[in-house]
């Protein structure tokens, strides 16, 4: 019985053939060409969502500041932000001073986040939110 088992083990190949490896590499290549653009699109959406969230927080703080001071703040530091958060600043430039018109009737503000030209957000469009609640990305609303 031992001789039968030894003879069957010797007949088994010990590794992968070149064709099997090439097929696996080709499948991985095809999957990565499909998945990578989707991954990049996901990253762009995630970065945009972080910037939009930050602008909404700023708008909320502007409204609170207006209730307290009867005018809108013209700097981020007046709203309690020393700097733009890193996950936003890496991809967007948040305009400062904030576009504020306290002498207008009623007073207004416009918060803007422009995508940095050297990042994946470059073609994403400028994000804005106004004192009236109008939110835009380029020419479309968000």
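The values are calculated or read from the model by the stated rules, or taken from the named source; none is laboratory data. Source: prediction; values computed, not measured. We place every Cβ from the backbone using ideal geometry, glycine too, and count neighbours over all the protein chains shown.
Just give me the residues in the range 108-121 being touching a helix residue (DSSP H, G or I) at 6+ places or on another chain (Cβ under 7 Å) and under 20 Å from residue 77 (Cβ atoms), in sequence order. Write out each step before concluding.
Within the range 108-121, the first condition is being touching a helix residue (DSSP H, G or I) at 6+ places or on another chain (Cβ under 7 Å), and the residues that meet it are 109, 111, 113, 120-121.
109, 111, 113, listed by residue number.
As a summary of the residue check, residue 91 satisfies the conditions (1) at pLDDT below 95; (2) within 30 Å of residue 37 (Cα to Cα) except for the one numbered (1). For the range 55-97, the tally of residues that are within 18 Å of residue 118 (Cα to Cα) and in a helix (DSSP H, G or I) stands at 4.
Based on what the data block shows, is residue 85 modelled with pLDDT under 95, more than 18 Å from residue 142 (Cα to Cα) and touching a helix residue (DSSP H, G or I) at 6+ places or on another chain (Cβ under 9 Å)? Criteria met by residue 85. With respect to being in a loop (DSSP other than H, G, I, E, B) and within 16 Å of the chain's Cα centre (by Cα), residue 52 falls outside the description. Residues being touching a strand residue (DSSP E or B) at 6+ places or on another chain (Cβ under 6 Å), surrounded by 13 or more Cβ atoms within 10 Å (Cβ to Cβ), in contact (Cβ under 8 Å) with a residue 40 or more places away in the chain and farther than 19 Å from residue 44 by Cβ are entirely absent from the range 77-97. Filtering the range 111-134 to residues that are within 15 Å of residue 56 (Cα to Cα) and surrounded by fewer than 16 Cβ atoms within 10 Å (Cβ to Cβ) leaves 126, 130, 132, 133, 134.
Determine, yes or no, whether residue 33 is modelled with pLDDT under 65 and either in a helix (DSSP H, G or I) or under 30 Å from residue 89 (Cα atoms) (or both). Give the derivation first.
Values: modelled with pLDDT under 65: no; either in a helix (DSSP H, G or I) or under 30 Å from residue 89 (Cα atoms) (or both): yes.
For residue 33, the condition - modelled with pLDDT under 65 and either in a helix (DSSP H, G or I) or under 30 Å from residue 89 (Cα atoms) (or both) - is not met.
In summary, strands (runs of 3 or more DSSP E) completely within the range 102-142 and bearing 3 or more residues that are under 14 Å from the mean Cα position of the chain (by Cα) occur at 108-115.
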